[in-house]
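Enquirer: This is the structure I have questions about; it appears just below.
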Amino acid sequence: MPFVRTALLCLLFSIPNTFAEPSRALTSGEIHLALRKLNVLGTVLYVAAHPDDENTRLLSYLASERLLRTGYLSLNRGEGGQNLIGPELGPLLGVIRTQELLLAREIDGAEQFFTRAIDFGYSKSSEESLEKWGHEETLADIVRIIRKFQPDVIVTRFTPTIGGHGHHLASAQLAMEAWAAAGDSTRFPEQIRELKPWQARRVYWNAWRPEEREDSASLLGGVDAGIFNPLLGKSYTEIAAESRNSHKSQGFGTIPLRGMAEEKFQYLAGDSVAGDLFADVDVGWSRVAVSQGIPALVDSVVASYDFNHPEKSLPQVLKIHHRLSALPASHWSRLKLDETEKIIAAMLGLWVQAAADAPSIAAGDSFSLKFTAVARALSGWTLEKVTLPAPQSGGKGQARDTLLNVSLEKNKPYELTAPVRIPKNAEPTHPQWLRQEPQSERYRIDKAENIGMPQDPPALSVEWVLRQGNIRIRGQTPVEYVYLDKVHGEVYEPFLISPPAVVNFVEGISLFSGEGAREVAMTVTALSEGVKGRLRLNLPKDWKTAPAYHDFTMTEKGEQKPFVFSVTPPKGETRITAKAELIIGGKTVGRSRVEVAYDHIPKQTLFFPAEADWVKADIKTGGEHIGYLMGAGDAVPENLRQLGYRVTLLASADLDGDLTRFDAIVAGIRAFNVRNDLVARRKRVMDYVAQGGRFIVQYNVSMSLLTEDQGPYPFKLGRGRITVEEAPLEILDPSHPFFTQPNRITPKDFDGWVQERGLYFAETWDKAYQPLLRGNDPGEDPQEGMLLFARHGQGAYVYTGLSFFRQLPAAVPGAYRLFANLLSAQLEPEAKNPTEKKPK
């Protein structure tokens with residue numbers, strides 16, 4: 001992970017929002033902002049539905065201009081969306097988008113929260129969203145976050161009637177309900193044992209649609225979020241663009257605006273609207289019963305601050321620390337004491353690192369930890385104590401205090417190297433929200449205090465204490481794996497606790513067609529030295545494997561061995577989840593390892609259950625060789641290989657070569673959104689079709705097409721979709737070869753589809769196209785643009801908005817049968833008059 005990002009006001013001497021990056025002291029300008037923030041005791045919470053819904057311009061303005069504690073609550077993690085940068089969907093996409101949000105918050109200075117709600121794809125109503133999420137359960141999550149964060153003002157991105165997407169509307173409805181419920185001790189009383197009732201003063205809608213703003217009398221304006229901040233060297237619109245550009249999986253790159261950027265707000269609830277979001281809201285120390293003269297001390301240090309020598313202000317900041325320590329314990333005294341300790345560390349130029357000598361360690365094993373601390377600006381502080389880590393993921397290890405009392409000399413590193421053993425019962429590192437099967441469209445999290453957290457604490461942390469006189473500052477530094485990359489230089493990765501070994505199926509799904517056996521391959525990887533055990537499959541009794549198991553021995557960490565089972569399915573169509581198990585030391589381990597690596601986020605390594613979807617189905621195919629034009633990224637090529645096809649991923653040079661060698665060419669999702677080479681060589685592809693080839697185009701996004709000319713004849717994409725995966729689909733021409741050969745397609749083939757039927761259907765089309773399916777979401781007009789067919793010369797062209805990219809990885813038999821037909825159905829020669837057989 002080569003990038004180095006730091007929040008403007010969130011100092012990184014403790015646990016950063018995103019792990020796997022070096023800590024650093026703030027710049028002189030950032031320290032000055034942090035000092036000024038000590039006198040601001042106000043909080044604002046922005047609420048919306050998804051990653052990328054937030055107004056980063058407003059968040060950065062509130063955090064760094066108004067100096068308010070600012071948070072963004074995204075109801076879900078965006079796992080139901082599409083992925084522009086790779087094939088990850090579902091939970092893995094949620095992991096990516098979580099990290100993208102955390103990176104965005106590092107840039108714009110806000111904090112991040114989530115509920116347990118799962119993004120189940122596009123929803124056309126708030127009622128559907130609330131039903132699937134669990135209305136009361138999701139409301140309880142938001143109430144918990146409000147009671148813990150204690151916002152004075154809540155701002156919504158949407159209203160209960162403005163926002164389109166059902167998730168958007170539901171986020172606003174829930175925000176309004178939570179605003180009222182959070183202050184009522186009779187609502188969700190189980191939370192009151194640890195949290196107090198809290199009600200924000202008012203709720204506003206961030207009125208971003210001028211044409212839909214209601215009641216101008218309750219409209220606030222005049223907030224210029226485009227202000228230039230000389231201490232940061234950027235305007236808030238520039239910071240917002242950097243934050244927005246973190247959402248790379250959604251393709252939300254943006255050019256920064258410069259100049260005035262007015263934000264408006266529509267009053268929704270609370271006390272009477274006034275001329276400012278925080279009008280009549282006390283955001284100073286007067287809201288604390290006893291302030292010990294802290295406001296005057298802060299004003300004094302801000303006024304005398306030397307930008308060339310921030311450390312000269314340290315004696316005054318220590319006085320502030322002393323006064324804060326004497327205050328009665330409260331929400332704000334704790335927060336401001338923490339902020340002050342981070343300012344002290346910044347003035348010291350403190351750099352702290354806890355580096356492991358390996359990226360992961362198995363439970364029961366040991367590793368070498370190197371702790372380094374250096375005060376680069378000042379001497380005179382003592383490193384009093386270092387507490388070596390105990391696992392955070394379920395182990396019963398005991399943290400070890402090491403009393404040091406080492407004087408830190410200016411700019412001279414202190415290093416401590418010590419062995420750390422991981423308890424045998426420590427759980428592998430894995431996101432808390434993915435540790436259990438979800439309940440409906442809601443994650444299950446056992447510990448209530450973890451609800452709302454954006455991610456788990458690091459697997460291991462080192463705690464440390466610095467002392468000068470009677471002043472002590474405490475910090476917590478995550479253990480990370482740090483290594484040298486010849487291109488990127490110093491690279492940080494999250495440190496992991498792993499199982500002793502993992503087993504991965506080579507193929508995520510396996511299709512069994514016919515009654516015979518097929519081979520299933522898997523790989524066992526040792527994550528500890530000297531691993532020996534047995535690999536077996538856990539299958540229903542009517543599935544047979546040979547051999548029954550494989551024994552293995554591996555001496556070195558990282559060693560891999562392949563294994564193959566011959567698997568015979570039962571008769572008839574069936575679908576199972578196959579499980580692989582490793583028996584090691586008398587214990588059963590059934591984990592796989594999945595890595596997600598992109599340059600803009602920390603590398604994510606997950607230990608999922610070792611499972612694969614297996615389908616026994618009668619699926620006939622024709623043709624042999626498929627050319628695949630990968631678009632934004634999907635798993636369809638591997639799924640087509642499951643059908644027995646030889647699939648070639650086509651690069652630009654391939655498009656200039658002989659295309660007639662392919663029985664069909666398939667364009668991956670969003671290919672016409674992202675592939676300029678396809679647009680430039682469109683005529684070559686259409687010539688291939690005219691000469692007898694077959695070109696199947698999967699969905700493209702209508703708003704960002706590189707060209708409207710996706711087919712041999714004109715058609716226009718809209719935003720039509722069918723979001724209810726059970727919605728009936730009518731076959732318009734049952735005799736069409738796509739529904740008869742080589743597989744007979746019936747309504748049963750549309751059973752078991754996941755998340756949706758399809759998206760971005762054609763809106764209008766030339767009469768040369770024949771629509772083949774009709775369907776609609778409940779209560780809506782029928783749509784026919786989800787599957788269009790046209791003859792072109794001696795070949796065939798297909799546009800489909802059906803979500804094959806979801807159905808094939810989900811092992812839906814009917815989707816495989818239909819796609820096999822699109823690839824291989826024998827079509828009649830084109831009529832002499834191309835219009836004779838065209839639809840109405």
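Enquirer: Which pairs do you get when a residue that is in a loop (DSSP other than H, G, I, E, B), found in segment 580-601, comes within reach of a residue that is surrounded by fewer than 21 Cβ atoms within 10 Å (Cβ to Cβ) and not basic (Lys, Arg), reach meaning Cβ atoms under 6 angstrom, with the pair 6+ apart or on two chains?
Expert: Partner pairs satisfying both residue conditions: Gly590/Glu581; Gly590/Pro609; Ser592/Asn504; Ser592/Phe608.
Enquirer: Taking Val301, is it over 30 Å from Ala459 (Cα atoms), crowded, with 18+ Cβ neighbours inside 10 Å and in contact with an Asp or Glu (Cβ under 7 Å, 6 or more places away or on another chain)?
Expert: no
Enquirer: Identify, from the list Val520, Val524, the residue that is more than 20 Å from Pro813 (Cα to Cα) and among the β-branched types (Val, Ile, Thr).
Expert: Val524
Enquirer: Now for a separate question. So, in segment 739-793, how many residues would count as being within 24 Å of Asp687 (Cα to Cα), open to solvent by 50 Å² or more (accessible area, probe 1.4 Å) and of a type in the set (Lys, Arg)?
Expert: Looking only at that region, the number is 1.
Enquirer: Okay, moving on. Specify the residue that is nearest to Glu131 (Cα to Cα); the eligible residues are those in segment 164-180 that are more than 21 Å from the chain's Cα centre (by Cα) and open to solvent by less than 10 Å² (accessible area, probe 1.4 Å).
Expert: Leu174
Enquirer: Does Arg670 satisfy the criteria of being charged (D, E, K, R) and surrounded by 18 or more Cβ atoms within 10 Å (Cβ to Cβ)?
Expert: yes
Enquirer: Would you call Ile473 buried (at least 22 other Cβ atoms within 10 Å of the Cβ), over 20 Å from Ala358 (Cα atoms) and not acidic (Asp, Glu)?
Expert: Yes; evaluated as a whole, the condition is true for this residue.
Enquirer: In segment 560-590, which residue that is under 16 Å from Ser498 (Cα atoms) and charged (D, E, K, R) is surrounded by the fewest Cβ atoms within 10 Å (Cβ to Cβ)?
Expert: This residue is Lys587.
Enquirer: Can I ask one more? Looking only at residues in segment 717-750 that are over 28 Å from Asp119 (Cα atoms) and not in a loop (DSSP other than H, G, I, E, B), which one is farthest from the chain's Cα centre (by Cα)?
Expert: Step by step, filter segment 717-750, then rank; the result is Pro737.
Enquirer: I'm told Tyr46 meets every condition in (1) modelled with pLDDT of 95 or more; (2) more than 26 Å from Asp456 (Cβ to Cβ); (3) crowded, with 22+ Cβ neighbours inside 10 Å; (4) within 29 Å of the chain's Cα centre (by Cα) except one. Can you identify the failing condition by its number?
Expert: Here Tyr46 clears every test but (2).
Enquirer: Condition check: open to solvent by less than 10 Å² (accessible area, probe 1.4 Å), touching a Pro at 6+ places or on another chain (Cβ under 7 Å) and modelled with pLDDT of 95 or more. Does Ala200 satisfy that?
Expert: So Ala200 fits the description; yes.
Enquirer: Look through segment 242-268, keep the residues that are open to solvent by less than 10 Å² (accessible area, probe 1.4 Å) and in a helix (DSSP H, G or I), and return whichever of them is nearest to Leu92 (Cα to Cα).
Expert: Selected residue: Ser249.
Enquirer: Gly395 is checked against (1) open to solvent by less than 50 Å² (accessible area, probe 1.4 Å); (2) at pLDDT below 90; (3) more than 30 Å from Glu79 (Cα to Cα) and fails just one. What number does that condition carry?
Expert: Here Gly395 meets the rest and fails (3).
Enquirer: So is Thr237 farther than 30 Å from Leu89 by Cα and either in a helix (DSSP H, G or I) or hydroxyl-bearing (Ser, Thr, Tyr) (or both) or not?
Expert: Yes; evaluated as a whole, the condition is true for this residue.
Enquirer: Would you pick out the residues in segment 153-197 that are under 18 Å from Gly452 (Cα atoms), among the hydrophobic types (A, V, I, L, M, F, W, C) and touching a Lys or Arg at 6+ places or on another chain (Cβ under 7 Å)?
Expert: Ala181, Ala182, Leu195 - these are the residues of segment 153-197 that are under 18 Å from Gly452 (Cα atoms), among the hydrophobic types (A, V, I, L, M, F, W, C) and touching a Lys or Arg at 6+ places or on another chain (Cβ under 7 Å).
Enquirer: State which residue pairs qualify: first residue in contact (Cβ under 8 Å) with a residue 12 or more places away in the chain and inside segment 184-199, second residue acidic (Asp, Glu) in any location, beta carbons under 9 Å apart, and separation of 6 or more residues or different chains.
Expert: Phe188/Glu136; Glu194/Glu449; Pro197/Asp184; Gln199/Asp184
Enquirer: Further question on the same structure: How do the pairs read when you match residues in segment 243-260 that are modelled with pLDDT under 90 and of a type in the set (Phe, Trp, Tyr) with residues anywhere that are surrounded by 13 or more Cβ atoms within 10 Å (Cβ to Cβ) and assigned to a loop (DSSP other than H, G, I, E, B), using Cβ under 7 Å and keeping only pairs 6 or more apart or on different chains?
Expert: Phe252/Asp52
Enquirer: Still on this structure: Can you tell me which residues in segment 522-559 are open to solvent by less than 30 Å² (accessible area, probe 1.4 Å), assigned to a loop (DSSP other than H, G, I, E, B) and of a type in the set (Gly, Ala, Ser)?
Expert: Hit for segment 522-559 is Ser528, nothing else.
Enquirer: If I filter segment 675-694 for residues that are among the charged types (D, E, K, R), open to solvent by 60 Å² or more (accessible area, probe 1.4 Å) and under 21 Å from Lys767 (Cβ atoms), do I get at least one hit?
Expert: no
Enquirer: Turning to a different aspect of this structure: Among Gly94, Gly121, Gly134, which is the only one that is at pLDDT below 95 and either open to solvent by less than 10 Å² (accessible area, probe 1.4 Å) or under 17 Å from Pro438 (Cβ atoms) (or both)?
Expert: Matching residue, one of Gly94, Gly121, Gly134: Gly121.
Enquirer: Just need a number here: residues in segment 337-378 that are closer than 21 Å to Val491 by Cβ and among the charged types (D, E, K, R).
Expert: 2
Enquirer: Right, here's the next one. Under 21 Å from Ile154 (Cβ atoms) and within 31 Å of the chain's Cα centre (by Cα), is that true of Ser243?
Expert: Considered against the rule, which asks whether it is under 21 Å from Ile154 (Cβ atoms) and within 31 Å of the chain's Cα centre (by Cα), Ser243 comes out as yes.
Enquirer: A further question follows. Consider Pro359 carefully, then state whether it is in contact with a strand residue (DSSP E or B) (Cβ under 9 Å, 6 or more places away or on another chain) and open to solvent by 40 Å² or more (accessible area, probe 1.4 Å).
Expert: yes
Enquirer: Take the conditions of a type in the set (A, V, I, L, M) and more than 26 Å from the chain's Cα centre (by Cα) and apply them to Val40. Does it pass?
Expert: yes
Enquirer: Considering only helices (runs of 4 or more DSSP H) fully contained in segment 67-179, which possess at least 3 residues that are aromatic (Phe, Trp, Tyr)?
Expert: Here the list is empty.
Enquirer: Can you tell me how many residues in segment 814-827 are touching a Leu at 6+ places or on another chain (Cβ under 9 Å) and either modelled with pLDDT under 95 or of a type in the set (A, V, I, L, M, F, W, C) (or both)?
Expert: Number of matching residues: 6.
Enquirer: Further question on the same structure: For Arg105, indicate whether it is at pLDDT 95 or above, open to solvent by 20 Å² or more (accessible area, probe 1.4 Å) and farther than 30 Å from Leu629 by Cα.
Expert: Considered against the rule, which asks whether it is at pLDDT 95 or above, open to solvent by 20 Å² or more (accessible area, probe 1.4 Å) and farther than 30 Å from Leu629 by Cα, Arg105 comes out as no.
Enquirer: Of all residues in segment 726-738, count the ones that are closer than 21 Å to Arg694 by Cα and either at pLDDT below 95 or surrounded by fewer than 17 Cβ atoms within 10 Å (Cβ to Cβ) (or both).
Expert: 3
The values are calculated or read from the model by the stated rules, or taken from the named source; none is laboratory data. Note that the structure is a prediction, hence the values are computed from the model and not measured. All Cβ positions, even for glycine, are placed from backbone atoms using ideal geometry, and neighbour counts span all protein chains on display. Protein only, heavy atoms only, side chains kept; ligands, DNA and RNA dropped before computing areas. Shrake-Rupley method; radii C 1.70, N 1.55, O 1.52, S 1.80 Å.
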